[in-house]
């Protein structure tokens, strides 16, 4: 996606703040932040593919002028352990490493090896970095993020 001639930005945006009167969107590719002068029914953690344009005359705020797609994103820690494939990937990489691999179908898997005693803290770090994690989900075109873990292994699953 790209900028258009009139200053409008076309792209995928993550809603990082929303109330009755306004919403804040972050472009997940370029990192630009757009404050909307009104809220067209968006909620925090929505992914919106569309066009944002500066609102005249001052162009301090923006408006969402086109919506091609809107979907709600979610993130959660699962009680399920990493899959056999994820455990095998982790076994082949040193502690502190991250491997990204495509899922069969849509999405991506991120397998992180951590010191066993820091597994829970690593899961919490992913959950707390909500904006970055959901921004990645929006970029990948998926709806949910599931975090699985077992001592020494954290799997971040970007799923449809």
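None of the figures in this text is laboratory data; all of them are computed from the coordinates on show. Quick caveat: nothing in here was measured; it's all calculated off a predicted structure. Neighbour counts are summed over all protein chains in view; Cβ atoms, including those assigned to glycine, are modelled from backbone coordinates with ideal geometry.
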*For a label point 7 Å from the Cα of residue 21 along Cα→C-beta, name the residues of segment 30-60 whose backbone N is under 14 Å from it.*
36-39
*Can you give me the Cα centroid spacing of segment 115-135 and segment 1-61 in angstrom?*
27 Å
*asked:* Just want to confirm a number: the relative contact order over the chain, from Cα pairs under 8 angstrom separated by 6+ residues, in percent.
replied: 20 percent
*If you build a Gaussian network model of the chain, linking Cα atoms that sit under 10 Å apart, which residue out of 141, 105, 31 swings the most?*
105
*Rounded, prolate or oblate: which fits segment 74-159, taking a ≥ b ≥ c as square roots of the Cα gyration tensor eigenvalues, rounded meaning a/c under 1.5, else prolate when a/b beats b/c?*
oblate
*Can you tell which of 82, 40, 56 shows the greatest fluctuation in a Gaussian network model of the chain with Cα springs below 10 Å?*
56
*Just from its helices, what would the mean residue ellipticity at 222 nm be for the chain, if runs of 4 or more DSSP H residues each count -39500 (n - 2.57) and the sum is divided by every residue, rounded to the nearest 500 deg cm²/dmol?*
-5500 deg cm²/dmol
*Can you figure out the FRET efficiency of residue 103 with residue 33, using R₀ = 30 Å and their beta-carbon distance, to the nearest 0.05?*
0.50
*Taking N as the number of residues in the chain, what is its Cα Rg relative to 2.2 N^0.38 Å?*
1.19
